[in-house]
Each structure stands twice: as C-alpha cells, then as structure tokens.
Amino acid sequence: MTTTDSATCPVHTPGFAGAGFNPFGPHGPDAYAHLATARREQPVFFSEALASWCVTRDADIRAVCTDPATFSSRDVFPRPTGLPPKAQAVMDYHYDNGTVTQLDPPAHGPIRRALHTSFGPRAISGYDPAVRATIAAKVDAIPHPQRFDLVAEFSAIFPVAVVMDVIGVPAEDLADIRRWADELVAVGLGHRAMTEEQLETLGADLATAVAYFRGLVDRRTAEPGSDLVSFMIGDGGPALTPDEVANNIFNLVAAGYETTGSALTNTVLALLREPGAWDALVAGELDPAAVALEGLRLDTPILGNFRTATRDTVLGDARIAAGDRLLLLYGSANHDESVVDEPGVFRPGRPGKAHLAFGYGLHNCVGAPLARLELEVALEQLARRFPRLALAPDAPLTYKPLMQVRTPAALWLTAG
Ligand code: HEM
C-alpha cells in the first residue's frame, strides 16, 4: 500500500502556524504530512518562507479559482530584477509580452480560446495516432535499458516531442527546444539558486530561443499553415502582437514539458512502490488512463500555484489584505480527507469528483486532454517494453530543487 501521508506528522507542533513551511525547500520530502496537519488545524496559514497565505482545503481552493476578480493571476511571480543583463532581457521580454497564465479577464479570454482550439479534447483526439507513434518511438529509443534513469532518458524527452507536433514546430529543432524549455523553467523558477555566470550563460542561450520563436511567427505570417502559430496570428485569432504570440508559444512548450514528464516520473514511482501494481498494468488489469489520473492525484508535480488578492477579504479564518499573495496548494486539496477516502493510498479508478492536479476554473489546465493522453500512452508503452520494470536498489531519491515542480531529480530503474 503506497502512502504519502503519515499518521504522525514530524513537523507538527501544538498551535501549528506553519510560518516556516516551504514545500519547495526543506519540507519537500514531508510536504504531504505537513499539509495534512494544516488542513486539520489551520487550513489557511501564512508561510513567512513563501511570503504567502497557503490554502490547503479543496473547497477553499475551488472558491478562490472561481473568483478571479478578487484573486488575480497577474504578477504572482514578481518580475526578477538585478539579473545579469542577458538574463534580465529575456525575463523582461517574458513579462512584457503577457502569457495566458498571468492574465486576468478580459485579456485572458481570447488567448485561452485560441489555445483551446489546439488543445481541447476534440483537437487532441485528432492528434492521437501521432502522439502514440511519437511516444512509442521514444520508449524504443531508451538506451542502456537494463538500468536507466527514467527522468533523463524518457520523461525529459517525450513531452517536448509531442507538444512540438501539436504547435507546429519543426521536429529537427527538438534538441534546442528541449534545452530552451529547461533553461526557461530553470531561470524563471530557480534563478535565486544560480550564480551570475550561470545566469549570463543561460540568458545568452535564451536570447537565441526568443529569436527562434519570433522567427517562427514571422515565417508563418508570410506563409500561414494549419498549425497553432498560424491560427494565433490569423484573422480569427486573439489579436496579439507577434512578440506576444512568440512568447505564448515558447511558454506553452515550457508549460507542457516539465509538468507532463514529471507527472509520468511520479506515477511510475507510485506504481513501482505498490506491490504487484506494475504486473497488473502489464497484464491489462489496470487501466493506464485511470493509473495516470490517480498518479496525478497522489503526487502532482504542480503542488501549487499563486494568486494575488485585489481587495481585503476573508478566507476561512484568515484575513487577507489587498496585495497579499496566496499559494493554492492543489496537491493538498488532492489529499483532503473531506473529499477523498484514504488519500495516501494509490487506488486507480477510485470514485469521487475530479481532483485539482490540473487546477480549477478560469485558469485550469488547457493542456489537460493532451497531458492525459500522453501519460496514458507513455504508461502503455513502458509496460510493453519493460514488463519486469523495478526500482533500482540503492539509488537514492532526491527531489529537484525547482520552485513549484515536485519530482525526483532522477529515477533509476532496472528492466528485471
Ligand atoms: C500532467 C501535466 C500537467 C499538469 C499537472 C498541469 C497543471 C496545470 C495547472 C495546475 C494549471 C493551473 C495553473 C493556475 O492555477 O493558474 C495549468 C494551467 C495551464 N497549463 Fe497545464 N499542466 C500539465 C500539462 C500541460 C500541457 C501538456 C500543456 C500544453 C502544452 C499545458 C498548458 C497549460 C496552460 C497554457 C495553462 C494556463 C491556462 C490558463 O491560464 O488559462 N499544461 N496546468
């Protein structure tokens, strides 16, 4: 029985206040135990470490997500300042050409609708054969299959290949785009942990990425095709500047990359920790789509995302002031005992309402139908090629130091 909650919380103290709580730092390994205490004792608590109100219960998070007038998505990550010039220029470009994730209504709507035409369920069913072929090829290409790191050799590769097909980016540019997506996430979410020299090097490379995506937009402007880029710059599209389209496309690759790969890693880890579960998947006794959904519920890579209060308000017992930041802990809502029975247990196909791994309301994940298809196919294909897959003994499990993304840095497996 896999469990991520613990009966006795190691960080519990009477009068829980959570001030030092930081799921992206020291609390990474025991984040779920800490959040279980919070849901019981102080469901909306202030974390000094995150300078944010942490919202832990399912109902409170749903309420925040459906009230964008009070809880804004703008500027939830303060614009980084004081970076070396090249890294600063790239971050400024990112902030000056707003992406869908950071916009409130009414600016949010047109971009969201445009993305939905390419990522909604109907569009994605059309991509199904191509997604299956791409993922099967990436599984077959895993080198050294007797003992391999799933993260480096598969999870970090297949989502970029898939999303590039959908967006209409040439396949031969995969290596560059994967590196840029990695770098964008690393600088955007991890710049505080980097040296000046690292930032300057990454900034220079990311400037090439910006030029690449802007060039793609210019080429599609001259010669439109039937892909997402052409749609976004066309007459029926959201009326964005070429730089806004380029920046949104670049961010889409990054949004669909670390998330989907990390979800796959977390789900394989949960499966292999559960005695008999991999055999059941291989034997067709477990539905890969249900496994993917339950893997996301049990240990989502996007533990939470931020909002900013636009006015003074009250949430639970907490008095929130205008300008305060909130961290909506989707991962905590997915373990909320008031909506999930035995939340620490990995139980594919469990009944109940949809979980919050893809968010909720206005900003819920526009890529969810694609991500679910990718995860289902990736599990099917791994089960096909590795019927005796197991966790490698003696391989320590360390988590990536990235803000927001919760996933192991490496997952060493043996083919059995
Ligand atoms: C398992 C993989 C994924 C997970 C766990 C995930 C999770 C999320 C979550 C929690 C949100 C809501 C953020 C908020 O609270 O504001 C979100 C939004 C978003 N996701 Fe995903 N995502 C995944 C895959 C993808 C993919 C494959 C794409 C597209 C290629 C994508 C594109 C987006 C975009 C564009 C938004 C912003 C939507 C908006 O602001 O209206 N995601 N995702």
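The values are calculated or read from the model by the stated rules, or taken from the named source; none is laboratory data. Owing to the predicted nature of the structure, the values given are computational and were not obtained by experimental measurement. Neighbour counts are summed over all protein chains in view; Cβ atoms, including those assigned to glycine, are modelled from backbone coordinates with ideal geometry.
Would you check if there is a residue in the range 336-349 being within 10 Å of the ligand (Cβ to nearest atom) and either out of contact with any strand residue (DSSP E or B) (no Cβ under 7 Å at 6 or more places or on another chain) or among the aliphatic types (A, V, I, L, M) (or both)? Scanning the range 336-349, I find no residue that is within 10 Å of the ligand (Cβ to nearest atom) and either out of contact with any strand residue (DSSP E or B) (no Cβ under 7 Å at 6 or more places or on another chain) or among the aliphatic types (A, V, I, L, M) (or both), so the answer is no. Do you know which residues across the range 258-299 are within 11 Å of the ligand (Cβ to nearest atom) and of a type in the set (D, E)? Correct list: E258, D299.
Among the candidates V100, V90, V64, V55, the residue that is in contact (Cβ under 8 Å) with a residue 24 or more places away in the chain, touching a Phe, Trp or Tyr at 6+ places or on another chain (Cβ under 6 Å), of a type in the set (V, I, T) and crowded, with 18+ Cβ neighbours inside 10 Å is uniquely V64. When P145 is tested against (1) over 21 Å from the mean Cα position of the chain (by Cα); (2) within 16 Å of the ligand (Cβ to nearest atom); (3) outside any helix (DSSP H, G or I), exactly one condition is not met: (2).
Yes or no, residue by residue, for (1) over 22 Å from the mean Cα position of the chain (by Cα); (2) within 16 Å of the ligand (Cβ to nearest atom); (3) without any contact (Cβ under 8 Å) to a residue 24 or more places away in the chain:
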position	(1), (2), (3)
G352	yes, no, yes
P369	no, yes, no
L379	no, yes, no
A392	yes, no, no
A409	no, no, no
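Taking the criterion of being near the ligand (Cβ under 9 Å from one of its atoms) and out of contact with any Gly (no Cβ under 9 Å at 6 or more places or on another chain), the residues of the range 240-257 that qualify are N251, V253, Y257.
Would you confirm whether or not the range 211-228 contains a residue that is surrounded by fewer than 18 Cβ atoms within 10 Å (Cβ to Cβ), in contact (Cβ under 8 Å) with a residue 40 or more places away in the chain and either in contact with a strand residue (DSSP E or B) (Cβ under 6 Å, 6 or more places away or on another chain) or part of a helix (DSSP H, G or I) (or both)? No, the conditions are met nowhere in the range 211-228. Has the range 130-137 got at least one residue that is within 16 Å of the ligand (Cβ to nearest atom), of a type in the set (G, A, S) and either assigned to a helix (DSSP H, G or I) or surrounded by 19 or more Cβ atoms within 10 Å (Cβ to Cβ) (or both)? Taking every residue of the range 130-137 in turn, at least one turns out to be within 16 Å of the ligand (Cβ to nearest atom), of a type in the set (G, A, S) and either assigned to a helix (DSSP H, G or I) or surrounded by 19 or more Cβ atoms within 10 Å (Cβ to Cβ) (or both).
Residue pairs whose Cβ atoms lie under 6 Å apart, sitting 6 or more positions apart in sequence or on different chains, and linking a residue in the range 289-316 that is within 21 Å of R350 (Cα to Cα) to a partner that is assigned to a strand (DSSP E or B), are P301/V405. Of all the residues in the range 159-180, those that are of a type in the set (K, R) and modelled with pLDDT of 85 or more number 1.
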